[in-house]
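Working notes, beginning with the structure itself.
What follows is calculated from the coordinates using simple rules that are stated; it is not laboratory data. What you are looking at is a predicted structure, and each value in this text was computed from that prediction instead of being measured. Positions of Cβ are generated from backbone atoms using ideal geometry, with glycine treated the same way; all protein chains shown enter the neighbour counts.
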Amino acid sequence: MDDLDLDHESVYDGLLGGDSSQWAFGTDFEDPLAGVDTMIPAGVDGAALAAYCLMLGDDALIYAHRLSEWTSNAPDLEDDIALANIALDLLGQARLLLARAAAADASVVPQMPEGSPVPPEDALAFFRDEHAFRNMGYVEALNGDFAVTIVRLLLFSSHRLALLQRLATSVDPVLSAIAAKGVKEVTYHRDYAGRWFVTLAGGTEESRRRLVAGLRTVWPTYAELSRSTQVETLASEQRFGVDPAVLTEEVDAVVDHVLAMAALERPDLPPSGTGPMGRIGRHTEEMGHLLAEMQVVARAHPLGKW
Amino acid sequence: MSDTLQTASLEADFDRVIERHDRIEPRDWMPEKYRATLVRQVAQHAHSEIIGMQPEGNWITRAPSLRRKAILLAKVQDEAGHGLYLYSACETLGVTRAELTEKLIAGKQKYSSIFNYPTLSYADVGTIGWLVDGAAICNQVPLCRTSYGPYGRAMNRICKEESFHQRQGFELLLTMMSGTDAQRAMVQESVDRFWWPALMMFGPPDVESPNTAQSMAWRIKRDTNDDLRQKFVDMSVPQAQALGVTLPDAELRWNEERGHYDFTQPDWDEFMAVVKGSGPCNAQRIAHRKRALDEGAWVREAATAFARSQREDAS
């Protein structure tokens with residue numbers, strides 16, 4: 001059975017490779033950053049680092065929630081498995097990023113009643129109120145049909161892959177390790193979405209019609225992925241994070257390439273919204289329902305052990 | 001040689017393979033009834049994995065910690081994987097996944113009745129791991145040595161993963177039992193609900209099981225329903241004690257003479273009603289599967305059309 005145990009703990013394998021000279025990652029399930037030196041590097045503002053980790057962590061958490069809703073609902077078993085896999089990867093990233101946020105600035109973690117065994121990353125996920133979440137509205141949107149899901153995943157993973165590739169050189173060794181691990185995962189997510197995008201475009205009349213409709217649904221929200229906030233600008237200045245605005249050209253090129261393979265044009269639609277709303281805690285109407293569902297059991301048992 | 005003689009000789013070869021405890025492989029000759037019985041059993045097993053994704057999948061978005069969410073999502077994903085292996089094993093017998101799924105939707109093939117019971121609290125995730133996967137393992141471990149090669153090999157892998165799930169379920173319950181009173185009550189209530197349906201998972205008592213004798217002779221099945229049920233009870237009692245939960249059977253006690261626990265039979269009328277479609281979630285489970293299938297039809301058609309156009313371009 002030992003080989004199986006290892007399979008299930010491989011979530012942390014990526015963290016053990018690469019440059020581990022300065023720190024060692026633990027593989028303990030209980031504390032995602034066990035054994036890791038979580039000291040804040042010189043020249044980095046702890047509060048800004050935490051705020052930045054919440055942004056990337058919340059994107060991953062909320063999007064994982066949405067993608068996990070496909071479980072037992074996908075068009076075929078292979079896609080059930082693939083979408084669950086992608087959700088699992090993002091969930092793993094969320095856990096590490098939220099743990100990093102808590103370690104960088106404990107004041108972001110909601111105060112729990114005395115004696116509560118809830119670890120900080122779970123307190124962040126399950127006991128924060130809506131306005132304290134820092135994810136983009138992009139990841140809150142309802143899944144829609146498979147075409148909408150594929151378009152949204154293609155744009156998101158193209159963006160996140162470019163981001164994680166740069167983040168792998170972060171001066172924060174923890175963020176750098178999380179990013180290096182994420183690059184491998186998100187490369188697969190982008191491939192999966194890209195393959196389906198081209199397949200749906202070249203499949204049947206109906207699949208092409210649905211894909212075009214899906215593209216028009218998602219496209220106006222695409223601009224949100226590259227909108228920066230002050231936190232991200234600071235993160236970039238202090239070299240622990242990435243300003244998403246600098247990724248635009250690179251991500252556009254990937255998206256244009258996939259569109260060309262699918263013989264489709266960019267939709268002529270203006271971006272929706274004006275500012276980075278989700279990043280400052282102003283969310284869409286869907287967010288409240290999502291959190292109500294996600295947090296209901298945890299909040300009913302603030303002293304519970306799971 | 002006449003057809004009858006040839007069949008007789010093939011059948012004798014087949015019987016010898018079975019007797020030697022060797023495996024029958026897809027290209028080997030096999031009696032039609034052996035093939036049909038296998039299709040029925042393997043398909044039922046595959047359908048159980050896929051329908052079984054629903055009751056546990058019900059809690060993925062509400063899992064109370066990030067770690068538990070990952071464990072549950074991975075587990076439900078494993079079930080989809082098990083369904084895939086088993087449908088593939090079935091395809092080696094000459095039926096397609098689509099045909100089998102159609103039969104499931106039409107109610108012509110069954111799945112394990114346990115999945116017609118609802119999951120009402122997060123403790124059910126643990127109880128399903130502990131009791132339901134535990135019962136499934138008792139049923140399935142002997143099948144690793146089943147006479148049909150592809151089925152036996154699929155079962156090998158599935159059993160390893162199921163054992164892992166069972167331990168994870170038990171560990172969730174154990175953790176909850178070390179938590180608050182409300183959590184302990186949640187675990188007990190869940191065990192109370194799932195104990196009897198878990199006992200039913202081994203099928204009707206031997207005297208009422210019409211297919212057992214032939215399946216045992218062909219080594220498709222290796223133990224009787226009652227033997228497996230007893231094994232499960234004997235295994236579960238000390239585990240319940242370790243957890244600190246009570247199994248809801250006042251007659252449950254060790255029988256020194258038999259060397260086994262005596263226990264009350266589940267309500268077989270309820271079992272028959274659920275098998276025939278009147279369980280709490282039968283209609284819901286099939287409707288869910290049908291909806292997913294219908295909503296995904298255009299995607300599968302697109303994939304087929306695209307693959308065809310790629311082949312045409314290549315030639």
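Below are the figures for this structure:
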| item | result |
| --- | --- |
| Per-selection Rg to Rh, chain B - Cα, Kirkwood hydrodynamic radius | 1.01 |
| Options B:Val275, B:Phe202, B:Ser178, ranked by Cα towards positive dipole end of chain B, top entry (Cβ charges) | B:Ser178 |
| Two-decimal log10 I(q)/I(0) for the stretch A:206-286, as the Debye equation yields it once each C-alpha is a single scatterer, q = 0.15, 0.26 Å⁻¹ | -0.68, -1.26 |
| FRET efficiency, 1/(1 + (r/R0)^6) with R0 30 Å, evaluated for B:Glu171 and B:Asn255 via beta carbons | 0.50 |
| Amide H within-cut-off set for B:His260, under 5 Å, with H built and near neighbours excluded | B:Asn255 |
| Burial ranking of peptide ranges B:236-243, B:116-123, A:187-194 (average Cβ count within 10 Å, highest at the top) | B:116-123, A:187-194, B:236-243 |
| Burial ordering of B:Asp3, A:Asp59, fewest other beta-carbon atoms within 10 Å first | B:Asp3, A:Asp59 |
| Two-decimal Rg/Rh across the stretch A:135-209, once Rg and the Kirkwood Rh are taken from alpha-carbon atoms | 1.09 |
| Cα-Cα P(r), the stretch A:47-184, percent of pairs per 5 Å interval | 2, 10, 19, 22, 18, 15, 9, 4, 1, 0 |
| 5 angstrom amide H check on B:Tyr148, placed H, neighbours 5+ away | B:Ile24 |
| Dipole of chain B, positive end: most advanced residue of B:Gln77, B:Asn225, B:Ala12 [Cβ charges, Cα centre] | B:Gln77 |
| Dimensions (Å) - the stretch B:189-315, Cα atoms, principal axes, largest first | 74, 40, 31 |
| CD proxy at 222 nm, helix term only [per DSSP H run n ≥ 4: -39500 (n - 2.57); per residue of chain A; nearest 500] | -19500 deg cm²/dmol |
| Highest to lowest packing among B:276-284, B:105-113, A:68-76, scored as the average C-beta count within 10 Å | A:68-76, B:105-113, B:276-284 |
| For A:76-87, mean number of other protein chain Cβ atoms within 10 Å | 6 |
| About the Cα centre, charge dipole magnitude for the protein assembly as shown (Lys/Arg +1, Asp/Glu -1 at Cβ), debye | 820 |
| For the stretch A:293-298, 3J(HN,Hα) per residue [Karplus equation, 6.51 cos²θ - 1.76 cosθ + 1.60, θ = phi - 60°, Hz, x = Gly/Pro] | 6, 5, 9, 4, 6, 4 |
| Using a Förster distance of 22 Å, the FRET efficiency for A:Asn143-B:Arg291 (Cβ separation, nearest 0.05) | 0.95 |
| Label-point separation in nm, A:Ser116 to B:Met272, each point 7 Å along Cα→Cβ | 5.3 |
| Modelled label reach - B:Arg145, point 7 Å along Cα→Cβ, the stretch B:201-222 residues with backbone N closer than 11 Å | B:222 |
| In sequence order, calculated HN-Hα J values of the stretch A:33-47 (Karplus, 6.51, -1.76, 1.60; Hz; x Gly/Pro) | 10, 4, x, 9, 6, 9, 4, 7, x, 4, x, 10, 7, x, 5 |
| Dmax and Rg, reported as Rg then Dmax, of chain A (C-alpha, Å) | 19.1, 60 |
| Candidates per GluC sites (Glu not before Pro) in the stretch B:257-315, loop by DSSP, up to 10 other Cβ within 10 Å | B:Glu257 |
| Evaluated at q = 0.05, 0.06, 0.11 Å⁻¹: base-10 log I(q)/I(0), Debye formula over Cα of the protein assembly as shown | -0.25, -0.37, -1.12 |
| Which of A:Val151, B:Val39, A:Val118 has the fewest Cβ neighbours within 10 Å, and the rest in rising order | B:Val39, A:Val118, A:Val151 |
| The stretch A:170-258 - convex hull of the alpha-carbon atoms, volume per residue in Å³ | 94 |
| Inter-site label distance for B:Leu120 and B:Asp22 at 7 Å from Cα along Cβ, in nm | 5.4 |
| Binned Cα-Cα distance frequencies in the stretch B:96-250 - 5 Å width, integer % | 2, 9, 15, 19, 19, 16, 10, 6, 3, 1, 0 |
| Estimated [θ] at 222 nm from DSSP helical runs (n ≥ 4, -39500 (n - 2.57)) normalised by residues in chain B, nearest 500 | -21500 deg cm²/dmol |
| On Cα atoms only, tilt of A:173-202 relative to the major axis of chain A in degrees | 20 |
| Those lysines that a straight Cα-Cα span of less than 29 Å connects to B:Lys108, excepting residues fewer than 8 apart in one chain | B:Lys33, B:Lys75, B:Lys221, B:Lys276, B:Lys290 |
| Distant-in-sequence amide H partners of B:Phe202 (H built 1.01 Å from N, under 5 Å) | none |
| Magnitude of the charge dipole, the stretch A:70-223, Cβ model with Lys/Arg +1 and Asp/Glu -1, debye to 20 | 620 |
| Assigned charges on the beta-carbon of Lys, Arg, Asp, Glu; chain A dipole about Cα centre (debye) | 840 |
| Under the span-like rule (Cα at least 20 Å along the axis, Kyte-Doolittle mean at least -0.5), DSSP H helices of chain B | B:3-19, B:32-51, B:66-91, B:181-200 |
| Integer Hz, Karplus 6.51/-1.76/1.60 couplings in order for the stretch A:269-274, x for Gly and Pro | 9, x, x, 8, x, 10 |
| At R0 = 25 Å, FRET efficiency that the Cβ-Cβ distance of B:Asp13 and B:Arg153 yields, to 0.05 | 0.70 |
